[in-house]
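**Q** Before anything else, here's the structure in question.
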Amino acid sequence: MLKYVDTAVTFAEVPYEISLCINFSYCPCHCHGCHSSYLAEDIGKELSIHFLTEQLIPSNYGISCVCLMGGDINPIDINSYAAAIKKANPTLKVAWYSGRDELSPAINILNFDFIKIGHYNEQLGPLQSPSTNQRFYMVENTGQLIDKTIAFQN
Ligand code: SF4
């Protein structure tokens, strides 16, 4: 089971959505210049599906999206969280911020509405940088990925 360090409701991670962001620890990506190097540690509390769907999401009334931040150490768990969120709250969008450069084959893309992939590269910059290597995709209901990275640069 993945552990999470903290949560925050933000407008920045997913354009046009009010997102409950959940920051997972034990990040295996080790990007040079990582903005949150403490996330590489095995810290935080285990996130059960019951707590996620019965307590954490209901206690954040008004959100339109849940954004799973990290969790690359166990994409199967990320996929399980996404499926559980969709089952319990069919109108909520689900996003995943992965630090990997390739999408994990362990996930069912149809459990997600948005996917960000790409490690952090100091020279190329984050999503807001026109030179970024990272990509933010909207997932169509056919499973096709539409590149929406430009939305962060306007
Ligand atoms: S994926 Fe994110 S948290 Fe993990 S090392 Fe890279 S920048 Fe840091």
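The values are calculated or read from the model by the stated rules, or taken from the named source; none is laboratory data. Bear in mind the structure is a predicted one, so any value in this text is a computation, not a measurement. Note: ideal-geometry Cβ built from the backbone for every residue, glycine included; neighbour counts use all protein chains shown.
**Q** Give Val9, Val66, Val5 a once-over and let me know the one that is within 16 Å of the ligand (Cβ to nearest atom) and of a type outside the set (Gly, Ala, Ser).
**A** Result of the check over Val9, Val66, Val5: Val5.
**Q** Do we have any residue at all in segment 130-139 that's over 15 Å from Val14 (Cβ atoms), of a type outside the set (D, E, K, R), in contact with a Leu (Cβ under 6 Å, 6 or more places away or on another chain) and surrounded by 13 or more Cβ atoms within 10 Å (Cβ to Cβ)?
**A** Looking for residues that are over 15 Å from Val14 (Cβ atoms), of a type outside the set (D, E, K, R), in contact with a Leu (Cβ under 6 Å, 6 or more places away or on another chain) and surrounded by 13 or more Cβ atoms within 10 Å (Cβ to Cβ), one finds at least one in segment 130-139, hence yes.
**Q** Can I ask one more? Looking for whichever is in a loop (DSSP other than H, G, I, E, B) and at pLDDT 95 or above here; the options are Tyr81, Tyr16. Which one fits?
**A** The match here is Tyr16.
**Q** Quick check: anything in segment 63-79 within 21 Å of Lys3 (Cβ to Cβ), among the aliphatic types (A, V, I, L, M) and loosely packed, with under 15 Cβ neighbours inside 10 Å?
**A** Yes, that holds for at least one residue.
**Q** Separate question: Just checking, does segment 104-121 include any residue being without any contact (Cβ under 8 Å) to a residue 12 or more places away in the chain and more than 12 Å from the chain's Cα centre (by Cα)?
**A** Yes, because at least one residue in segment 104-121 is without any contact (Cβ under 8 Å) to a residue 12 or more places away in the chain and more than 12 Å from the chain's Cα centre (by Cα).
**Q** Looking at segment 80-106, which of its residues are within 16 Å of the ligand (Cβ to nearest atom) and surrounded by 12 or more Cβ atoms within 10 Å (Cβ to Cβ)?
**A** Within segment 80-106, Ala95, Trp96, Tyr97, Ser98, Gly99, Arg100, Asp101, Leu103, Ser104 meet the criteria.
**Q** Additional query: Of these, Glu41, Glu54, Glu46, which one is modelled with pLDDT of 95 or more, within 13 Å of the ligand (Cβ to nearest atom), exposed (fewer than 13 other Cβ atoms within 10 Å of the Cβ) and not β-branched (Val, Ile, Thr)?
**A** Glu41
**Q** Could you grab me the full set of residues in segment 57-77 that are within 22 Å of Phe112 (Cβ to Cβ) and over 16 Å from the mean Cα position of the chain (by Cα)?
**A** Pro58, Asn60, Gly62
**Q** Which numbered condition in (1) assigned to a helix (DSSP H, G or I); (2) closer than 17 Å to Cys67 by Cα; (3) aliphatic (A, V, I, L, M) is the only one that Ala95 fails?
**A** The number of the failed condition is (1).
**Q** Here's a follow-up. Just one of (1) buried (at least 17 other Cβ atoms within 10 Å of the Cβ); (2) in a loop (DSSP other than H, G, I, E, B); (3) under 13 Å from the mean Cα position of the chain (by Cα) trips up Ile22, so point out which.
**A** Result: Ile22 fails condition (2) only.
**Q** Now for a separate question. With (1) assigned to a loop (DSSP other than H, G, I, E, B); (2) under 14 Å from the mean Cα position of the chain (by Cα); (3) away from the ligand (no atom under 14 Å from the Cβ); (4) over 24 Å from Ile18 (Cβ atoms) as the list, and Gly143 as the residue in question, which single condition is left unmet?
**A** (2)
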